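The structure appears right after this line, and notes come after that.
The values are calculated or read from the model by the stated rules, or taken from the named source; none is laboratory data. The structure presented is a predicted model; accordingly, all values stated were derived computationally and were not measured. Cβ placement follows ideal geometry from the backbone for every residue including glycine, while neighbour counts extend to all protein chains displayed. Side chains are part of the model used for accessible areas, which takes the heavy atoms of the whole protein and leaves out ligands, DNA and RNA. Shrake-Rupley method; radii C 1.70, N 1.55, O 1.52, S 1.80 Å.
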Amino acid sequence: MHDDPRPDPDADQARLAAAGDLEAFEALVRRHERASVNMARAMTGGDEDAEDLAQEIFVRAFRGMARFRGDSQFRTWLHAIALNVIRSHRSSRTRRLRLFPAPPAAADGDAAPVDAAVEAGFDIRLAMRDGVDRALAQLPDDLRAVVVLRDVQGLDYREIAEALQVPIGTVESRLFRARQRLKPLLAPLLGMRAVQGRSIGTAGPALQVE
Amino acid sequence: MDRCQNAHVWMTRDADGVLDARDRALLDDHTAGCESCRQAMAAQAAVAAVLRGRPPIDAPPFFTARVLAAVAEPPSWFGLAEWRTWTWRLVPVAAALFVIAAFVDGRTDRTSAPATVSSTPVRTAVASTDTRPESVLWDADATQDQVLLTVLTGRRQAASEDSRHE
């Protein structure tokens, strides 16, 4: 859909992996494993199955390597697979929950998960990550996907459009709406950033700017 | 409202550091007179900053080794988690088998066969030693129901069972 003219740092390894070179595929896994795990966690609200999902993403990628033609960056293609895997997991989970509904949430809920975590003495980084992932979980799927791909995974608009198979204008529109809906959900974290200044929020992935 | 919609696009790009100088001037000009867009612009930047500051998690130990072990395993033919996918993929196969069975049944001398009132072919009892689920695909005696049940359950239905009764 959007042929990417930029050089792909994974091009050589992907070509070898597509030809069945397991060492090349292993190199790709090591390079992208962290992104895959974080994608699965951020898209599932910290689901306990996130690590299994991350593994399944690579299994699907391996089995489909012959179909990777290099029209897009390898990581864009990998993210498209990730979205499909996660979507399938959610559909399956929804069917299971219809048959076996989860017990009702605790009365105090997640109104201020970060504050509660801090009071309990938990690691602040863990609390922030959980707070972000839970806020993301409250977005509709289409909005969550674009904002995770952009702000958590660091893909640019072209890559996001390619992964989602939508126009760049749609990416921009969904990004705007997603961030607007997240503002009240992330209120506790916004307050913490204001207090702690630059001590939080420096560990995010580097952005690729077009 | 159209101007605000344009501004929404500009402020999104601004939060991502990809707003060009011309659009920045237009955005500044608009937000100077639009309080709601000023607030929206601040929200875009603040939320993006929090999300980008989300502490990433490392892949668990031996993650790559587990992936390589998983890809070394042959794919499961009738994984229950993918049963819908396989059901749809096997529909044309099942349809082709049904047509073949109906064709063969139509050409078979049925004078000694028991009378039936249904268009479903009568199966003769077949003792099969192949219990693999995928063997149902090349078993000419398998009915459409057998194929579907095998797909849904992941187990080959007993080939010796005769589902047709007088």
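Quick notes on this one:
- Among all residues of the range A:61-72, there is none that is under 14 Å from the mean Cα position of the chain (by Cα) and over 14 Å from B:Val71 (Cβ atoms).
- Which numbered condition B:Asp139 fails, given (1) within 14 Å of chain A (Cβ to nearest Cβ); (2) modelled with pLDDT of 55 or more: (1)
- Cβ-Cβ under 7 Å pairs, at least 6 apart or on other chains, the range A:169-189 side without any contact (Cβ under 8 Å) to a residue 60 or more places away in the chain, far side β-branched (Val, Ile, Thr) and open to solvent by 30 Å² or more (accessible area, probe 1.4 Å): A:Glu172/B:Val9
- Listed by first and then second residue, the pairs with beta-carbon distance under 6 Å, at least 6 apart or on different chains, first residue in the range A:122-141 and closer than 12 Å to A:Leu185 by Cα, second modelled with pLDDT under 95 and open to solvent by 80 Å² or more (accessible area, probe 1.4 Å), are A:Arg134/A:Asp110.
- Flag if A:Asp130 is at pLDDT below 85 and not polar (S, T, N, Q): no
- Any chance A:Gly169 is surrounded by fewer than 22 Cβ atoms within 10 Å (Cβ to Cβ), modelled with pLDDT of 95 or more and either farther than 26 Å from A:Gln73 by Cβ or not hydrophobic (A, V, I, L, M, F, W, C) (or both): yes
- Residue count for the range B:19-40, restricted to those that are closer than 22 Å to A:Arg158 by Cα and open to solvent by 40 Å² or more (accessible area, probe 1.4 Å): 4.
- Among the candidates B:Ala69, B:Ala49, B:Ala45, B:Ala65, residue that is more than 7 Å from chain A (Cβ to nearest Cβ), within 22 Å of B:Ala7 (Cβ to Cβ) and open to solvent by 20 Å² or more (accessible area, probe 1.4 Å): B:Ala45
- Counted residues, the range A:1-33 - those being at the interface with chain B (Cβ under 9 Å from one of its Cβ atoms) and either more than 16 Å from A:Ile81 (Cβ to Cβ) or in contact with a Lys or Arg (Cβ under 6 Å, 6 or more places away or on another chain) (or both): 3
- Sole exception among (1) out of contact with any helix residue (DSSP H, G or I) (no Cβ under 7 Å at 6 or more places or on another chain); (2) without any contact (Cβ under 8 Å) to a residue 12 or more places away in the chain; (3) within 13 Å of another protein chain (Cβ to nearest Cβ) for A:Asn84, by number: (2)
- Members of the range A:62-92 found to be open to solvent by less than 20 Å² (accessible area, probe 1.4 Å), within 15 Å of A:Asp12 (Cα to Cα) and part of a helix (DSSP H, G or I), listed by number: A:Met65, A:Phe74
- Residues of the range A:34-57 that are facing chain B (nearest Cβ under 8 Å), surrounded by fewer than 23 Cβ atoms within 10 Å (Cβ to Cβ) and either within 12 Å of the chain's Cα centre (by Cα) or on the phi > 0 side of the Ramachandran plot (or both): A:Arg34, A:Val37.
- Test: residue in the range A:149-156 that is open to solvent by 30 Å² or more (accessible area, probe 1.4 Å) and in a helix (DSSP H, G or I): no
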